[in-house]
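A.B. asks: Take this structure first; my questions come after.
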2 protein chains.
Amino acid sequence: MVKRATIGDVAADAGVSTATVSRVLNGGAVTEATATRVWEAVSRLEYTPNALTRGVFAGRSSTIGVVIRDLSSPFYLDLIRGIDEVAAANDSLVMLANTFRRVDREVAQVRTMDEQRVRGLIVTTGEATDGRTRRMAENGTPCVIIARSVLDAPPGMHSISLDNVEAGRLMAVHLAGCGRSSIGVVSSGRRTSQIERTAGLRRALADLGLPLPEDAVMVAETEDEVSGAVDTLLVRGRDRGEPLDAIVCTTGRLTVAVHAALTARGIAIPGDIAFVTMDDFPWATALGITVIAQPSYQMGLKAGELVVDRPSGPVELVFAPTLVARTSCGERQKA
Amino acid sequence: MVKRATIGDVAADAGVSTATVSRVLNGGAVTEATATRVWEAVSRLEYTPNALTRGVFAGRSSTIGVVIRDLSSPFYLDLIRGIDEVAAANDSLVMLANTFRRVDREVAQVRTMDEQRVRGLIVTTGEATDGRTRRMAENGTPCVIIARSVLDAPPGMHSISLDNVEAGRLMAVHLAGCGRSSIGVVSSGRRTSQIERTAGLRRALADLGLPLPEDAVMVAETEDEVSGAVDTLLVRGRDRGEPLDAIVCTTGRLTVAVHAALTARGIAIPGDIAFVTMDDFPWATALGITVIAQPSYQMGLKAGELVVDRPSGPVELVFAPTLVARTSCGERQKA
DNA sequence: CTGAAAGCGCTAACAT
DNA sequence: ATGTTAGCGCTTTCAG
């Protein structure tokens, strides 16, 4: 195994001191002649500087930490692309951790990011990690919380989220506009984003004279639970004397599962039941699925910028959702 | 901004030396009494050890580097999940870099990974980075090349790929079995994987008495070029007097685009033309698209293990593709 | 413009 | 069992 060259080796080879080598590497004042000698030594010895050591000195590394709850959600891929774009433009790399939706992993991964002295941290985790991110912010590591807002955030602790109430409202208005009145909701849990979307939907529906009963909302934690949830929704609608004519899914993660549950029962979309869900995805066009889109790539960009630009106060960004109407709600086609 | 506690602060607070603190942190021989005092100091000062410094000493960090050419390809998401799984099980993190299919970025990102002294490197890049990965391997950093094999790999330089010829053969046999005979191919470029898939397809087709003309293969680098490529294929088939009855796509990255191009022309799948493509994806079931699947998650797992287990020689792993038959080739349904 | 020397936070011999 | 003393590879004063 070949030993790596250190800055000392380069210095010796070029006949200068390590300080001088460091200077030519980082752009200090050196004669052109010595600079040339040093560069020659660098390439001769195939010297690759050790970023770790640099980080030790600077007190932090140059990489941006990202902790994602669930890599398979379409939303996160674009978010990461946005972050990565900013990172690449700032000579940074992205350090990624997936938590597979487990809280203990969230906590552990955020701690590891802290240990790595990341330049900044972007997380989609729940409240369990707030204690540490708060402390990190106080220690000078900018932290960005995605998909929820934070109360009493200290300087350096930011949040980026979607206007979830508006997302719900957009769904309600669109569905009503398409003549639907008996709606069932598949939601994914107790996260505020889910609650707010449902609340926004319910309120807007009520304003339209279309109350959404409590029991028309079902929670499915995992994809496996979706089929049962859809069943229940269907039965309850019938029992209520108002068979469902629309299904709303409040999370992009479960879109496939809900769609599959519907088609598996031979339910035609939108013939029998309208369908609208969260987060745009490449195949939505082919399938004609109407969605509420988040500007996920833009959100990633902003998250990256918050890390790189280090604004002083806590920044809270709320993005607006947009409706992408296709055909799954029985939209009348333009002539 | 609150200053972080160092190991020295903890030592002072606990009334011991830094060596002792290091020992209780890393499990050396210490009295239970002192250990308690140290742990108390640790939590009182909210001490978080600096992984960078550790890395300096060990000569390398504990994170696994991953350089991906195109994060949006369905194949890579599962690959990353596999790698991440191994990383998490080994107290590692994944450092991710996306290169947006640009060679200069590939080279730059791999260099950065080297500078970060990653524990191991997993790349999907082209030959341009082979020089450095080779050197890294020689320096003791295991490198895994995904999706192509490497000639004369030194110890510590491994490769994981798909049996691409077999993938092409599977497509040919299936298509022929579905009664198709005039096939057009959309390929994504000059990478060996693409070449091999096409070659495998062509050979198997020839064995079946179904020659695949050179001009029945079109290369589309980007999604924008797909539509034109499909047009050309269609026209050529007609000119040849053998209108296309099947389209093959040799890369998962372009599946959406090819599918969209077909439906945009009002072509029915499989009524008018059969369609088969690479890489399984969540929506394939809903759309009935027949695919050749790669065990991407397993490949990620293996890649992670090669980094963690550091086998001595160069390892070359070739995975077998599987056909997932659905309805897009006009498969006759089971009774 | 360049070199000597101190030190970043931590670990690992070597003493005690 | 614990402390002392060197470093790890690099950057940054501070002299010259």
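The values are calculated or read from the model by the stated rules, or taken from the named source; none is laboratory data. What you see is a predicted model; the values in this text were computed from it and never measured. Ideal geometry is used to build each Cβ from the backbone, glycine not excepted, and the neighbour counts take in all protein chains shown. With ligands, DNA and RNA removed, areas are computed over all heavy atoms of the protein, side chains included. Shrake-Rupley method; radii C 1.70, N 1.55, O 1.52, S 1.80 Å.
A.B. asks: Modelling each spin label as a point 7 Å along the Cα-to-Cβ direction, I'd like the A:Lys3/B:Val2 distance in nm, to one decimal.
C.D. replies: Taking the two extended label points, one gets 4.3 nm.
A.B. asks: Could you state, as a whole-number percent, how many of the C-alpha pairs of region A:68-206 are farther apart than 26 Å?
C.D. replies: Counting every Cα pair in region A:68-206, those more than 26 Å apart make up 33 percent.
A.B. asks: What's the total accessible area buried between chains A and B, using a 1.4 Å probe, rounded to the nearest 100 Å²?
C.D. replies: 5200 Å²
A.B. asks: Under 5 Å between amide hydrogens, which residues at least 5 positions from B:Met278 or on another chain qualify, with H placed 1.01 Å from N in the peptide plane?
C.D. replies: B:Cys249, B:Thr251, B:Gly252, B:Ile292
A.B. asks: If the elastic network links every pair of Cα atoms under 10 Å, which of B:Leu79, B:Leu306, B:Leu210 fluctuates the most in the Gaussian network model of chain B?
C.D. replies: Answer for the Gaussian network model of chain B: B:Leu210.
A.B. asks: Shape of chain A from its Cα gyration tensor (a ≥ b ≥ c, root eigenvalues): rounded if a/c is under 1.5, otherwise prolate when a/b > b/c, or oblate?
C.D. replies: prolate
A.B. asks: Sticking with this one: Under the Kirkwood approximation for Rh and a Cα-based Rg, what ratio Rg/Rh is obtained for region B:268-323?
C.D. replies: Over the Cα atoms of region B:268-323, Rg/Rh equals 1.20.
A.B. asks: What aspartates and glutamates could a cross-link reach from B:Lys3, if we take a straight Cα to Cα line under 16 Å and drop same-chain neighbours fewer than 8 places away?
C.D. replies: Straight-line reach from B:Lys3, under 16 Å: A:Asp114, A:Glu115, A:Glu138, B:Asp13, B:Glu46.
A.B. asks: Still on this model: Inverting the mean 1/r over all pairs of different Cα atoms, compute the Kirkwood radius of region A:230-335 and quote it in Å.
C.D. replies: Hydrodynamic radius (Kirkwood, Cα pairs) of region A:230-335 is 15.9 Å.
A.B. asks: Given a 10 angstrom Cα cut-off, can you work out which residue in B:Gly209, B:Gly131, B:Gly28 is the most mobile in a GNM of chain B?
C.D. replies: B:Gly28
A.B. asks: Another question, then. Placing one identical point scatterer on every Cα of region B:107-176 and ignoring solvent, what is log10 I(q)/I(0) from the Debye formula at q = 0.13, 0.18 Å⁻¹?
C.D. replies: These q points yield log10 I(q)/I(0) values of -0.42, -0.65.
A.B. asks: I'd like the Karplus ³J(HN,Hα) series for region A:317-328: coefficients 6.51, -1.76, 1.60, θ = phi - 60°, whole numbers in Hz, and an x wherever there's a Gly or Pro.
C.D. replies: 10, 10, 9, 8, x, 10, 8, 10, 7, 10, 10, 6
A.B. asks: As a test of reading the structure, rank B:Leu301, A:Leu96, B:Leu45 by solvent-accessible area (1.4 Å probe, protein chains only), most first.
C.D. replies: Accessible-area ranking of B:Leu301, A:Leu96, B:Leu45, largest first: B:Leu45, B:Leu301, A:Leu96.
A.B. asks: With an 8 Å cut-off on Cα pairs and a minimum separation of 6 or more residues, tell me the relative contact order of chain B in percent.
C.D. replies: Relative contact order of chain B: 18 percent.
A.B. asks: Find out how many positive minus negative residues lie around A:Ala11, taking Lys and Arg as positive, Asp and Glu as negative, among other residues whose Cβ is under 15 Å from that of A:Ala11.
C.D. replies: In short, +1.
A.B. asks: Using unit Cβ charges (K, R positive; D, E negative) and no other charged atoms, how large, in debye to the nearest 20, is the dipole of the protein assembly as shown about its Cα centre?
C.D. replies: Computed about the Cα centre, the dipole is about 620 debye.
A.B. asks: If you take every DSSP beta bridge fully contained in chain B, what fraction is antiparallel? Give it as a percent rounded to 5.
C.D. replies: Percent antiparallel among DSSP bridges in chain B is about 10.
A.B. asks: What is the Cα coordinate range of region B:126-210 on the first, second and third principal axes, sorted by size from largest, in whole angstrom?
C.D. replies: Principal-axis extents of region B:126-210 (Cα, largest first): 54, 20, 16 Å.
A.B. asks: Using Cα-only point scatterers and the Debye equation, what is log10 of I(q)/I(0) for region B:39-79 at each q in 0.29 Å⁻¹, rounded to two decimals?
C.D. replies: Taking Cα atoms of region B:39-79 as identical point scatterers yields -0.93.
A.B. asks: Now, a different point. Show B:Asp163, A:Asp309 ordered by accessible area, largest first, where the area counts protein heavy atoms only and the probe is 1.4 Å.
C.D. replies: Descending accessible area places them as A:Asp309, B:Asp163.
A.B. asks: Which cross-chain or sequence-distant (5 or more) residues have an amide H under 5 Å from the amide H of B:Val185, H modelled 1.01 Å from N in plane?
C.D. replies: Placed amide hydrogens put B:Val217, B:Met218, B:Val248 under 5 Å from B:Val185.
A.B. asks: Moving to a separate point now. Which are the unpartnered cysteines of the protein assembly as shown, meaning those with no other cysteine Cβ under 4.7 Å from their Cβ?
C.D. replies: A:Cys143, A:Cys249, B:Cys143, B:Cys249
A.B. asks: When we measure straight from the Cα of B:Lys302, which aspartates and glutamates land under 15 angstrom away, once same-chain ones fewer than 8 places off are left out?
C.D. replies: Correct list for B:Lys302: B:Asp78, B:Asp84, B:Glu85, B:Glu316.
A.B. asks: Now a separate question. What three numbers, in Å, describe the spread of the alpha carbons of the protein assembly as shown along their principal axes, ordered from the longest?
C.D. replies: Extents along the principal axes: 74, 65, 48 Å.
A.B. asks: Follow-up question, since we're still on this one. With every protein chain left in place, what is the accessible area per residue of region A:1-55 in square angstrom, probe 1.4 Å?
C.D. replies: Result: 57 Å² of accessible area for each residue.
A.B. asks: In Å², what does the accessible area per residue of region B:245-298 work out to with a 1.4 Å probe?
C.D. replies: Solvent-accessible surface per residue comes out at 28 Å².
A.B. asks: Using a 1.4 Å probe on the protein heavy atoms, what percent of the accessible area of the protein assembly as shown belongs to carbon and sulfur?
C.D. replies: Accessible surface attributable to carbon and sulfur in the protein assembly as shown totals 53 percent.
A.B. asks: Indicate the residues belonging to region A:59-88 that lose 30 Å² or more of solvent-accessible heavy-atom surface (probe 1.4 Å) upon moving from the chain alone to the assembly of all protein chains, ignoring ligands and nucleic acids.
C.D. replies: The answer is A:Leu71, A:Ser72, A:Leu77, A:Arg81, A:Asp84, A:Glu85, A:Ala88 - residues whose exposure falls by at least 30 Å² when every protein chain is included.
A.B. asks: Something else about it: Looking only at A:Thr36, A:Thr277, A:Thr251, which one moves most when chain A is put into a Gaussian network model with springs between Cα atoms under 10 Å?
C.D. replies: A:Thr36
A.B. asks: Next question, about the same structure. For region B:62-215, what is the accessible area per residue in Å², given a 1.4 Å probe and the full set of protein chains?
C.D. replies: So region B:62-215 comes to 33 Å² accessible per residue, rounded to a whole number.
A.B. asks: Return the residues of region B:262-302 for which accessible area with all protein chains present is lower than in the chain on its own by 10 Å² or more; set the probe to 1.4 Å and exclude ligands, DNA and RNA.
C.D. replies: B:Phe281, B:Pro282, B:Trp283, B:Ala286, B:Leu287
A.B. asks: Which of B:Ala153, B:Leu208, B:Val324 sits closest to the plus end of the dipole of chain B, meaning its Cα is farthest towards the positive end, when Lys and Arg get +1 and Asp and Glu get -1 on the C-beta?
C.D. replies: It is B:Ala153.
A.B. asks: Around A:Arg117, with a cut-off of 10 angstrom between Cβ atoms, what is the net charge of the other residues, counting Lys and Arg +1 and Asp and Glu -1?
C.D. replies: So the surrounding residues net to +1.
A.B. asks: May I ask which residue of A:Val30, A:Met136, A:Gly82 lies farthest towards the positive end of the charge dipole of the protein assembly as shown, with charges of +1 (Lys, Arg) and -1 (Asp, Glu) on Cβ and the Cα centre as origin?
C.D. replies: Towards the positive end, the residue furthest out is A:Val30.
A.B. asks: Let me ask something else about it. Can you bin region A:1-160 into rounded, prolate or oblate? Criterion: square roots of the alpha carbon gyration tensor eigenvalues sorted a ≥ b ≥ c, rounded for a/c under 1.5, prolate for a/b above b/c, oblate for the rest.
C.D. replies: It is prolate, given that a/c is not under 1.5 and a/b is the larger ratio.
A.B. asks: What figure in square angstrom, to the nearest 10, would you give for the accessible area of A:Arg117 with a 1.4 Å probe?
C.D. replies: 10 Å²
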